[in-house]
1. Within the stretch 146-187, how many residues are in a loop (DSSP other than H, G, I, E, B) and either touching a Pro at 6+ places or on another chain (Cβ under 6 Å) or among the β-branched types (Val, Ile, Thr) (or both)?
2. Just give me the residues in the stretch 104-129 being within 20 Å of the chain's Cα centre (by Cα) and in a loop (DSSP other than H, G, I, E, B), in sequence order.
3. Return yes when ALA248 is open to solvent by 20 Å² or more (accessible area, probe 1.4 Å), away from ligand 2 (no atom under 16 Å from the Cβ) and at pLDDT 95 or above and no when it is not.
4. Do the conditions hold for THR266, that is, is it among the β-branched types (Val, Ile, Thr), farther than 25 Å from ALA131 by Cβ, near ligand 1 (Cβ under 10 Å from one of its atoms) and open to solvent by 60 Å² or more (accessible area, probe 1.4 Å)?
5. Picking from LEU272, LEU297, LEU224, LEU286, which residue would you name as being on the phi < 0 side of the Ramachandran plot and buried (at least 20 other Cβ atoms within 10 Å of the Cβ)?
6. Quick one: PRO191 ticks every box in (1) away from ligand 2 (no atom under 16 Å from the Cβ); (2) open to solvent by 10 Å² or more (accessible area, probe 1.4 Å) except a single one, so which number is it?
7. One residue is enough: does the stretch 168-188 have a residue meeting the conditions in contact with a Phe, Trp or Tyr (Cβ under 8 Å, 6 or more places away or on another chain), at negative phi, of a type outside the set (A, V, I, L, M, F, W, C) and open to solvent by 60 Å² or more (accessible area, probe 1.4 Å)?
8. Which number in (1) in a loop (DSSP other than H, G, I, E, B); (2) within 16 Å of ligand 2 (Cβ to nearest atom); (3) open to solvent by less than 10 Å² (accessible area, probe 1.4 Å) marks the one condition that LEU257 misses?
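The values are calculated or read from the model by the stated rules, or taken from the named source; none is laboratory data. Quick caveat: nothing in here was measured; it's all calculated off a predicted structure. Glycine gets a Cβ as well: all are built from the backbone with ideal geometry, and neighbour counts include every protein chain shown. The area values use the complete protein model at the heavy-atom level, side chains included, leaving out ligands, DNA and RNA. Shrake-Rupley method; radii C 1.70, N 1.55, O 1.52, S 1.80 Å.
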Amino acid sequence: MKVALLSGGVGGARFARGLVDAVDPAGVTVIGNVGDDLDVLGLAVSPDLDSIIYALAGLHDEERGWGRSGETWEALATVSSLGGEDWFRLGDRDLGLHLVRTQALRAGEPLSAVTARLARALAIVAAIVPATDDRLRTWIDTPAGSFPFQEWFVARCHRDEVDGVRFEGVARPAPGVLEALGGADAILIAPSNPYVSIWPILAVEEIRAALATRGVPCVAVSPLVGGRAVKGPADRMLARMAGGTTPAHVAGCYGGLIDALVVDETDGTGPLAVRRIVTQTLMTDLDASRRLAEIALGAA
Ligand code: GDP
Ligand code: CA
């Protein structure tokens, strides 16, 4: 079975892990958000791709939800003590990956190629592809001004309410993305933040068009449990920008692009424009992630 998954970081990576457990990973392509990518201390960091890589390699920190397990922070402590840029948390082990990626990008290797190389080196069987090799950046409009995504999310702890989300840059799909979407038996959208994890992927015009004209079912999984985000600001963003946090508000983020929405059993039963699949969506462990992936695939 061939499956294409649109994914952000934490929620996406947790779901991706279950997906490659549920089906042959050789048929899975994870299309990752790059709208959060940034340069820190001269290094090219792709937080969402890294969460996916670490999760599929089994190197992720379960507790934190991002970064590597057994991480240490000596390099960052040195940076701090020297008055360097220390607002973005880069662990020692994590740094090694950023060094390799940064060197490759500087040498002219596309992000998709270096991502594939990193995944191969970590014995990951599924394909992990950035939505685009081009520069695409998420901007957050708030009452306090407009901020690049990470400045709002990390430096300002996403405390500002969000009035709008914008994507800077004209981007083409990375090699492999349209092929994965066109060749898939099912397309899935992970329980990621719709606005800042999935929309930046859909900001690539040809990806949006591929979903809009899909010949196979597309199933999204809601990132809300009981109307609340499990982690992060998705619920606040939905309340302010969509006017609520029901399944209908989540589905509204994907108008015309999905055939079904997997929602948690604690969520509302109001009208929904797409097929509703009700289950437990909390991914407390790998078993729960696999079960959720199986249910999403079963709906496709
Ligand atoms: P980010 O890029 O690291 O912010 O990660 P994502 O956008 O992929 O994931 C963040 C979203 O994942 C949040 O909105 C969470 O509510 C959602 N999420 C995290 N864990 C779970 C879970 O176990 N179940 C569900 N349904 N959503 C989850
Ligand atoms: Ca992210």
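1. Residues that pass the stated criteria total 4.
2. Across the stretch 104-129, the qualifying residues are PRO110, LEU122, ILE124, VAL125, ALA126.
3. yes
4. No.
5. On the way: LEU272 fails: buried (at least 20 other Cβ atoms within 10 Å of the Cβ); LEU297 fails: buried (at least 20 other Cβ atoms within 10 Å of the Cβ); LEU286 fails: buried (at least 20 other Cβ atoms within 10 Å of the Cβ).
Criteria check complete, one pass: LEU224.
6. It fails just one condition, (1).
7. Yes.
8. (2)
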